[in-house]
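Visitor: There's a structure below that I have some questions on.
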Amino acid sequence: MTTQDNNLSRRDFLKLGIGALSALAVLEMGGVSLFFMQPRSLVGEFGGVVNAGHVESFPVGSVVEFPDGRFFLIHAPDGGFLAVYSRCTHLGCTISWEADKNQFFCPCHASSFSTTGDVQNPPAPRALDLLAITIAEGQVLVDTGRITQRDRFTTDQLTYA
């Protein structure tokens, strides 16, 4: 063997460099993809616990939207609290609160729901989903990571202070 056989040619050097850079690019894209797909369960955002506020800050009969938490907080006339998920049970469209009609409305297929989330106008097959509520030290805490499906409203779904 001569000493020239052990040397790396320019072509081999470029192939090795391009291969290493390609492998690095694939690893970076994989890492970014995994980071992007991670669930975001930060406090105050969907997937975590949202501190909605103090019990007294919600007048009886009020409906308050929490866009970052993707829910509406309802303070029922009897004093109980109910948190409904802001997605229609038909195809998952985002619902809105129509205060003048005292109802929730889905713009996709015109489903409407009562103040407690019961279906008033199909095609939605069931009532709006519920989110778990706890009241601690006068604060209303809504766990957006715990969504419960239901057929209709019952009074045992209300949470009291």
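Visitor: Take LEU21 and decide whether it is open to solvent by 90 Å² or more (accessible area, probe 1.4 Å), aliphatic (A, V, I, L, M) and at pLDDT 90 or above. Walk me through it before giving the result.
Guide: Details: open to solvent by 90 Å² or more (accessible area, probe 1.4 Å): yes; aliphatic (A, V, I, L, M): yes; at pLDDT 90 or above: yes.
Judged against the criteria, LEU21 is a match.
Visitor: Follow-up. For PHE35, indicate whether it is among the aromatic types (Phe, Trp, Tyr), at pLDDT below 90 and part of a helix (DSSP H, G or I).
Guide: Values: among the aromatic types (Phe, Trp, Tyr): yes; at pLDDT below 90: yes; part of a helix (DSSP H, G or I): yes.
In short, yes.
Visitor: Here is a further query. Out of the residues in the range 44-69 that are open to solvent by 50 Å² or more (accessible area, probe 1.4 Å) and either basic (Lys, Arg) or under 17 Å from TYR85 (Cα atoms) (or both), state the one that is modelled with the lowest pLDDT.
Guide: Going through the qualifying residues, I end up with GLU45.
The values are calculated or read from the model by the stated rules, or taken from the named source; none is laboratory data. Note that the structure is a prediction, hence the values are computed from the model and not measured. Only protein heavy atoms, including side chains, enter the accessible area calculation; ligands, DNA and RNA are left aside. Shrake-Rupley method; radii C 1.70, N 1.55, O 1.52, S 1.80 Å.
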